[in-house]
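A.B. asks: I have a structure here, written as structure tokens, and I will follow up with some questions on it.
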Amino acid sequence: MPPSDSDGSLRPITFIVLGLLVTAGPQTSYELRRNVELSVAFFWQVPRSQLYAEPQRLVTLGLVSATQEEIGRRRRTFAVTDAGREELVRWLGEPAEASQHRDPAMLKLFFMDAAPELIEPLARRRVEELSGTLRFLEQPGLGGVQPSHLRVLTWGRATVRANTAFWRSVLDDLGGER
């Protein structure tokens, strides 16, 4: 019987690994980690321990195959199987769950009336952090050539710009409160 979401064996990390193996081809665990850092990490955090363990788990489920170098570093390279590709396509066809957004800075801002003098430092830090994120997202060549990757990159840039504008407006509002 093939694995399914209902038995808990398929998780978001499963589809991240399958998706990267389909779109970028066979990879080692290290290459998968680097690709996650340069692609989905902006909107989906993945613990390294899960990312390194998942490909081998998918081998046992028959969704991924592995080959190991005979000499040298003896790295294992993972590739998606036909069953893995079918599972990815099945998952892609399902309705997406509602997103769960957690923003620690927004949570702090919500309660900031308890210490209003801390609003400005918080807002300045966020503008600085978001500006750095935007510089990263605007690097030439980031996103590759695949249309769906570029669409998500466009969304990411727009989201960061909107968040930066919000935090700048907080700073502007504070200027009027003094």
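Every number here is computed from the coordinates shown, using simple stated rules; none is lab data. Computed from a prediction, not measured in an experiment: that's the story for all the values here. Using ideal geometry, Cβ is built from the backbone for each residue, glycine included, and neighbour counts are taken over all protein chains shown.
A.B. asks: Compute the distance from the alpha-carbon center of region 82-136 to that of region 5-81, in whole Å.
C.D. replies: Going from one Cα centre to the other spans 24 Å.
A.B. asks: What does the C-alpha gyration tensor say about the overall shape of region 104-177? Classify as rounded when a/c is under 1.5, otherwise prolate if a/b is larger than b/c, or oblate. Before the final figure, lay out each step's value.
C.D. replies: On the way: a/c = 3.23, a/b = 2.77, b/c = 1.17.
Prolate, since a/c reaches 1.5 and a/b exceeds b/c.
A.B. asks: What does the helix-only formula give at 222 nm for the chain: each DSSP H stretch with n ≥ 4 adding -39500 (n - 2.57), the total divided by the residues, and the result rounded to the nearest 500 deg cm²/dmol? Let's see the in-between values first.
C.D. replies: On the way: 7 runs with 105 residues, N = 178.
My calculation for the chain gives -19500 deg cm²/dmol from helical runs alone.
A.B. asks: With a ≥ b ≥ c taken as the square roots of the eigenvalues of the C-alpha gyration tensor of region 5-93, please select rounded if a/c is under 1.5 and otherwise prolate if a/b is larger than b/c or oblate if it is not?
C.D. replies: Details: a/c = 1.69, a/b = 1.24, b/c = 1.37.
In terms of gyration-tensor shape, oblate.
A.B. asks: Can you check what the net charge comes to around Thr154, using other residues whose Cβ is under 12 Å from the Cβ of Thr154 (Lys, Arg +1; Asp, Glu -1)? If you can, show how the numbers build up before the last one.
C.D. replies: Details: positive: Arg151, Arg157, Arg161; negative: Glu138.
Spelling it out: positives minus negatives among the neighbours equals +2.
A.B. asks: To make sure I understand, if each residue's beta carbon is the centre and we count other beta carbons within 10 Å, what order do His149, His101 fall in, fewest to most?
C.D. replies: Details: His149 16, His101 6.
Listing His149, His101 from fewest to most nearby Cβ atoms yields His101, His149.
A.B. asks: Here's a follow-up. Just check region 34-75 against the gyration tensor rule for me: Cα atoms, a ≥ b ≥ c as the square roots of the eigenvalues, rounded for a/c under 1.5, and otherwise prolate or oblate depending on whether a/b exceeds b/c. Present the calculation step by step, with values, prior to reporting the outcome.
C.D. replies: Numbers: a/c = 2.69, a/b = 1.57, b/c = 1.71.
Oblate.
A.B. asks: List the chymotrypsin sites (Phe, Trp or Tyr not before Pro) within region 91-146 that DSSP assigns to loop and that have no more than 13 neighbouring Cβ atoms inside 10 Å. Could the numbers behind the result be given before it?
C.D. replies: Values: sites: Trp91, Phe110, Phe111, Phe136; in loops: Phe111.
Here the chymotrypsin sites (Phe, Trp or Tyr not before Pro) that fit, given the DSSP loop and packing criteria, are Phe111.
A.B. asks: Given the options Glu37, Glu128, Glu94, which has the most mean-square fluctuation in a GNM of the chain, springs set between C-alpha atoms less than 10 angstrom apart?
C.D. replies: Highest fluctuation among the options: Glu94.
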